[in-house]
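The values are calculated or read from the model by the stated rules, or taken from the named source; none is laboratory data. For clarity, every value in this text was computed on a predicted model and none was experimentally measured. All Cβ positions, glycine included, derive from the backbone under ideal geometry; neighbour counts span all protein chains shown.
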């Protein structure tokens, strides 16, 4: 699989160039599906979902990049319709754009919908924003547990072998300092990356490349 795991979306030219490299063609020639589901477990989540889908998020651009086509894949709807209606659409997409919000809520619906099982077989590039990136890790850490799944815990999909601490040193998130990231990492059982909104992790077949015009740090257990 090919991943571009971001904290704040496609925020600079370095991250944009990494996206184009993963796509293997220009953004304007690529068909995208956006997944807003994670936002619903947060206050004002419906408005967040709309802003994401409609490309009204200038500080964390994803859907507004000029895609050839853009569709919405709402995970909560998928269990109630036949797979023949949505699986081919996902298989044909060039990229999945996965919004932020609550990572455990997103993980739950990825599993319930069947998308989690489908992901490893897809040709699409997976582009995550915040929770959309965190959900790929084996677990997220108790610091980021908000919505609680029926089974409890902080486990996520484990399609990469590291965890992510997003929005490092963000001015609106005083609890996301480097000191906080170090405490988070000390409690994790897997390696972790603390990344700011100018940083992304490009992952191809498990190999990680840090793409950054900001600052970041890798932690090992």
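Does residue 10 satisfy the condition of being buried (at least 21 other Cβ atoms within 10 Å of the Cβ) and more than 25 Å from residue 205 (Cβ to Cβ)? In short, no.
Sort out which residues of segment 60-95 are touching a residue at least 60 places away in the same chain (Cβ under 8 Å) and either loosely packed, with under 13 Cβ neighbours inside 10 Å or not in a strand (DSSP E or B) (or both), and write them in order of number.
Of all residues in segment 60-95, those touching a residue at least 60 places away in the same chain (Cβ under 8 Å) come to 60, 62, 92-95.
Scanning segment 60-95 gives 60, 62, 92, 93, 94.
Once segment 132-158 is narrowed to residues that are touching a residue at least 60 places away in the same chain (Cβ under 8 Å) and out of contact with any strand residue (DSSP E or B) (no Cβ under 8 Å at 6 or more places or on another chain), the residue that is farthest from residue 92 (Cα to Cα) is 146.
Yes or no, residue by residue, for (1) touching a helix residue (DSSP H, G or I) at 6+ places or on another chain (Cβ under 8 Å); (2) under 21 Å from residue 2 (Cα atoms); (3) surrounded by fewer than 17 Cβ atoms within 10 Å (Cβ to Cβ):
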| position | (1), (2), (3) |
| --- | --- |
| 115 | yes, yes, no |
| 138 | no, yes, no |
| 148 | yes, no, yes |
| 153 | no, no, yes |
| 161 | no, yes, yes |
| 164 | yes, yes, no |
| 170 | no, no, yes |
| 202 | yes, yes, no |
| 206 | no, yes, yes |
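Residue-level analysis places residue 34 outside the set of residues that are outside any helix (DSSP H, G or I), closer than 25 Å to residue 170 by Cβ, at pLDDT below 95 and within 16 Å of the chain's Cα centre (by Cα).
Within segment 48-57, the residues that satisfy the criterion of being under 17 Å from the mean Cα position of the chain (by Cα) and part of a loop (DSSP other than H, G, I, E, B) are 55, 57.
Considering only residues that are part of a helix (DSSP H, G or I) and closer than 11 Å to residue 216 by Cα, which ones fall in segment 171-201? Walk me through how you get there before you give the answer.
Let us first name the residues in segment 171-201 that are part of a helix (DSSP H, G or I), namely 178-186.
Matches in segment 171-201: 178, 181.
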